[in-house]
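Asker: Pasting in a structure now, in C-alpha cells, and then I'll have a few things to ask.
The values are calculated or read from the model by the stated rules, or taken from the named source; none is laboratory data. Since the model is a prediction, treat every value here as computed from it, not as a measurement. All Cβ positions, even for glycine, are placed from backbone atoms using ideal geometry, and neighbour counts span all protein chains on display. Surface areas here come from the heavy atoms of the whole protein model, side chains and all, with no ligands, DNA or RNA. Shrake-Rupley method; radii C 1.70, N 1.55, O 1.52, S 1.80 Å.
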Amino acid sequence: MEKLPFTALGLSPEILKAVAKMGFEEASPIQTAVIPVALTARDIVGQSSTGSGKTAAFGIPAIERVESSKRAVQVLILCPTRELAVQVAEEIGRLAFFKRGIREVPIYGGQSYERQFRALEAGAQIVIG
C-alpha cells in the first residue's frame, strides 16, 4: 500500500500541527487509503493490524468534519472495551488539540454517571463509548 505525507491528504493546519507534535510526518497505508475518502463523508470499511494507525485513520476525518460552533454530539465512536474507549478518547484529544472548541468524552460503565452527564452537557461533539 502507498504511504503519503500528511500534508498531501487535504488536512487543516490544526490537524497537521497536531500530527507533527505527535511526531508523524507520513501517513500509514490505512491512513493514506481512508482519510481522503472519509473526508467526503462516504462509508468505509477498513482492516489493518494493531498499531497501524486505525484510530487516526477514522479520527482525523471525524475531527475535521465536526462543527465546533455546535455544542452537541456529532460523532459517536463505539469500542468493544472500556480500555479501548479511553485509549481512543485520548488519541482523539491529541489529534484535536489545536482545533479550538472541539471536545471529546469517553462514556462507559463503572464510571460516575454525573461526571459523564456533565461532560455531555458541556457540549462534547465526539463521544467514545
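Asker: Residues that are without any contact (Cβ under 8 Å) to a residue 24 or more places away in the chain, within 24 Å of ILE107 (Cβ to Cβ) and either of a type outside the set (Gly, Ala, Ser) or not in a loop (DSSP other than H, G, I, E, B) (or both): does the range 73-82 have at least one?
Answerer: yes
Asker: So, one more: Which count do you get for residues in the range 112-129 that are under 21 Å from ALA96 (Cβ atoms) and either open to solvent by 60 Å² or more (accessible area, probe 1.4 Å) or without any contact (Cβ under 8 Å) to a residue 12 or more places away in the chain (or both)?
Answerer: 5
Asker: Here is a check on your reading of the model: is SER49 open to solvent by 60 Å² or more (accessible area, probe 1.4 Å) and either of a type in the set (A, V, I, L, M) or part of a loop (DSSP other than H, G, I, E, B) (or both)?
Answerer: Yes.
Asker: Same structure again: Right, ILE63: among the β-branched types (Val, Ile, Thr), at pLDDT 95 or above, under 24 Å from PRO13 (Cβ atoms) and in a loop (DSSP other than H, G, I, E, B) or not?
Answerer: Taking the combined requirement at face value, the residue does not satisfy it.
Asker: Looking only at the range 78-120, which residues are of a type in the set (Val, Ile, Thr) and within 16 Å of the chain's Cα centre (by Cα)?
Answerer: The answer is VAL86, VAL88, ILE92, ILE102, VAL105, ILE107.
Asker: Related question: Every residue in the range 24-40 that is open to solvent by 60 Å² or more (accessible area, probe 1.4 Å) and either in contact with a Pro (Cβ under 9 Å, 6 or more places away or on another chain) or hydroxyl-bearing (Ser, Thr, Tyr) (or both), please.
Answerer: Across the range 24-40, the qualifying residues are GLU25, GLU26, THR40.
Asker: Taking the range 18-43, which residues are of a type outside the set (Gly, Ala, Ser), assigned to a loop (DSSP other than H, G, I, E, B) and under 15 Å from the mean Cα position of the chain (by Cα)?
Answerer: Scanning the range 18-43 gives MET22, LEU39.
Asker: Can you find even one residue in the range 62-77 that is open to solvent by 100 Å² or more (accessible area, probe 1.4 Å) and under 12 Å from the mean Cα position of the chain (by Cα)?
Answerer: Yes; the residues of the range 62-77 include at least one that is open to solvent by 100 Å² or more (accessible area, probe 1.4 Å) and under 12 Å from the mean Cα position of the chain (by Cα).
Asker: On to the next question. Taking the range 14-60, which residues are in contact (Cβ under 8 Å) with a residue 40 or more places away in the chain and farther than 15 Å from GLU91 by Cβ?
Answerer: GLU14, LYS17
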